[in-house]
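Following: one structure in structure tokens, then a few remarks.
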2 protein chains.
Amino acid sequence: MSQHSGSENADVEERSGPKTERGRRTLRRLLDAAGEEFGARGYHETAISHITQRAGVGLGTFYVYFKSKEEVFRALVADMGARTRHALSESVKGAANRLEAERLGIKAYLDFVRGHKALYRVVMEAQFVAPEAYRDYYRTFSAAYRQELAQAAKRGEISPGQDDEVRVWALMGASTFLGLRYGVWEDDADVVAISEAAADLMINGLAPRAKKRDASSS
Amino acid sequence: MSQHSGSENADVEERSGPKTERGRRTLRRLLDAAGEEFGARGYHETAISHITQRAGVGLGTFYVYFKSKEEVFRALVADMGARTRHALSESVKGAANRLEAERLGIKAYLDFVRGHKALYRVVMEAQFVAPEAYRDYYRTFSAAYRQELAQAAKRGEISPGQDDEVRVWALMGASTFLGLRYGVWEDDADVVAISEAAADLMINGLAPRAKKRDASSS
DNA sequence: TCGGAACCTGAATGTTGACTCATGTTTCAA
DNA sequence: TTGAAACATGAGTCAACATTCAGGTTCCGA
């Protein structure tokens with residue numbers, strides 16, 4: 001699998017990246033085109049020639065920048081992970097506590113998915129095309145999420161819970177499915193209402209509320 | 001797509017099924033072999049010849065029973081949906097109320113996934129290979145689930161919620177991800193502990209519990 | 001203004017694998 | 001017993017790419 005080729009990270013670019021401005025521009029074009037094609041037609045339906053045509057470069061040029069079809073795909077998954085984490089951490093910055101952060105996070109996630117349908121699909125498909133990249137995506141994600149929950153629990157903002165890893169995966173699954181259902185499939189539903197409903201479930205659960213003040217705002 | 005060929009369901013078998021015992025046996029062999037191959041290697045890595053070899057029949061025989069590679073795949077997805085729903089509804093039969101049903105359901109789901117990893121993978125991959133079958137799978141599932149929630153809410157067993165469709169998708173997503181994480185990836189973790197932790201989250205949410213009796217049993 | 005590094009190109013190669021078809025073989029009702 | 005419907009078969013067809021390669025072109029420091 002690995003080749004010890006001397007560079008510190010051989011996953012994204014083969015040597016150490018383009019040397020000239022022209023090269024960097026071409027690489028970006030290829031990445032963008034690949035994201036659009038993979039997102040629209042899926043990995044197996046996408047031919048390298050589709051990508052290079054969309055990018056406006058020759059077929060052979062692709063192999064100047066990538067060792068294989070799978071390599072671009074992996075690069076895209078990694079890129080998507082970074083972008084998603086960034087978007088979420090940004091959106092959650094102003095939250096007063098973890099419960100509010102969850103609320104904001106879901107909303108932001110749905111918005112993000114709607115704005116990046118193509119790349120969202122790439123991530124999902126990675127499960128079958130590049131399982132390792134897929135696992136990394138969620139491993140990185142869950143590690144950060146888990147830490148947030150642990151700290152919030154320590155602060156008493158959320159219940160201690162029985163197993164944070166389980167909670168994190170349940171929450172990621174919920175968001176992911178909602179992203180698919182309302183971000184990709186039915187992208188004209190009211191995001192605010194949906195994320196409120198979802199946050200309510202994640203925060204208060206299914207159990208009937210006792211006759212006291214509840215945690216809903218507005 | 002549809003051909004009005006006179007049978008009521010042209011999705012699984014091309015005409016109206018095998019006429020002889022021999023035929024039925026061959027069909028079953030092919031379906032089983034296909035499930036195993038697709039589950040182990042994935043759709044695109046699986047060649048028809050792999051399937052027929054595993055089934056112990058000639059290559060051409062495949063096309064006596066299926067119009068195309070995709071058709072077996074779709075048949076498998078549908079079959080898997082029916083089996084999953086059956087397993088879940090069985091497991092939930094003895095539940096005294098919906099909250100308990102959720103608890104039992106998660107446990108049963110994890111067990112089921114562990115016992116059917118191959119077919120579980122087939123369902124996931126359907127999202128890219130046969131999107132329509134995938135949607136149907138979850139559409140059918142969510143319709144039933146939704147009804148359960150609505151009735152339970154009417155009985156006061158769960159909170160009314162803001163949007164049952166959203167709740168259902170969030171819950172399905174949570175289970176699905178837990179199935180992947182603990183059913184497929186790490187299949188030696190303690191299912192009981194995991195399903196307890198998950199059920200606790202789904203039932204009580206993340207919010208810190210007030211100092212009263214909670215809803216957990218045992 | 002020269003030389004070589006970086007970049008670009010698309011025809012050609014080679015493989016793979018879904019699907020077809022002409023030709024059997026088996027089953028079974030009459 | 002028989003003929004035709006049902007079933008079985010695997011060599012051959014054919015189109016679809018991923019990847020290579022040998023031969024350019026552009027850029028830039030010396």
| said: Can you pull out every residue in region A:144-184 that is open to solvent by 30 Å² or more (accessible area, probe 1.4 Å) and of a type in the set (S, T, N, Q)? | reply: A:147, A:151, A:162
| request: Using the structure shown, decide if residue A:102 is modelled with pLDDT of 95 or more, under 22 Å from residue B:197 (Cα atoms) and open to solvent by 60 Å² or more (accessible area, probe 1.4 Å). | output: no
| Which one of B:187, B:136 is among the charged types (D, E, K, R) and closer than 24 Å to residue A:110 by Cβ? | B:136
| message | Of the conditions (1) more than 14 Å from every other protein chain (Cβ to nearest Cβ); (2) more than 16 Å from DNA strand D (Cβ to nearest atom); (3) within 29 Å of residue B:125 (Cα to Cα), residue A:72 satisfies every one except a single condition; which number is it? | response | (2)
| query | Within region B:73-92, can one find any residue that is buried (at least 17 other Cβ atoms within 10 Å of the Cβ), within 12 Å of DNA strand C (Cβ to nearest atom) and not in a helix (DSSP H, G or I)? | reply | no
| said: Could you go through region A:36-54 and let me know if any residue there is hydroxyl-bearing (Ser, Thr, Tyr) and outside any helix (DSSP H, G or I). | reply: yes
| request: Considering (1) without any contact (Cβ under 8 Å) to a residue 24 or more places away in the chain; (2) under 25 Å from the mean Cα position of the chain (by Cα); (3) more than 9 Å from chain B (Cβ to nearest Cβ), say which one residue A:192 fails and leave the rest. | output: (1)
| field | Test set (1) modelled with pLDDT of 95 or more; (2) open to solvent by less than 50 Å² (accessible area, probe 1.4 Å); (3) under 11 Å from the mean Cα position of the chain (by Cα); (4) more than 16 Å from DNA strand D (Cβ to nearest atom) - residue A:122 fails condition number | value | (4)
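Table: residues versus (1) within 14 Å of chain B (Cβ to nearest Cβ); (2) modelled with pLDDT under 95; (3) within 11 Å of DNA strand D (Cβ to nearest atom).
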position	(1), (2), (3)
A:26	no, no, no
A:32	no, no, no
A:41	yes, no, yes
A:51	no, no, yes
A:76	no, no, no
A:80	no, yes, no
| message | Restricting to region B:130-153, give me the number of residues that are more than 22 Å from residue B:79 (Cα to Cα), aliphatic (A, V, I, L, M) and touching a residue at least 40 places away in the same chain (Cβ under 8 Å). | response | 2
| request: Give the residues of region A:62-71 that are outside any loop (DSSP other than H, G, I, E, B) and surrounded by fewer than 16 Cβ atoms within 10 Å (Cβ to Cβ), sorted by residue number. | output: A:63, A:64, A:70
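The values are calculated or read from the model by the stated rules, or taken from the named source; none is laboratory data. Fair warning: this is a prediction, and the values are worked out from it, not measured in the lab. Quick reminder, even Gly has a Cβ in these numbers, built from the backbone with ideal geometry, and neighbours come from all protein chains shown. Only protein heavy atoms, including side chains, enter the accessible area calculation; ligands, DNA and RNA are left aside. Shrake-Rupley method; radii C 1.70, N 1.55, O 1.52, S 1.80 Å.
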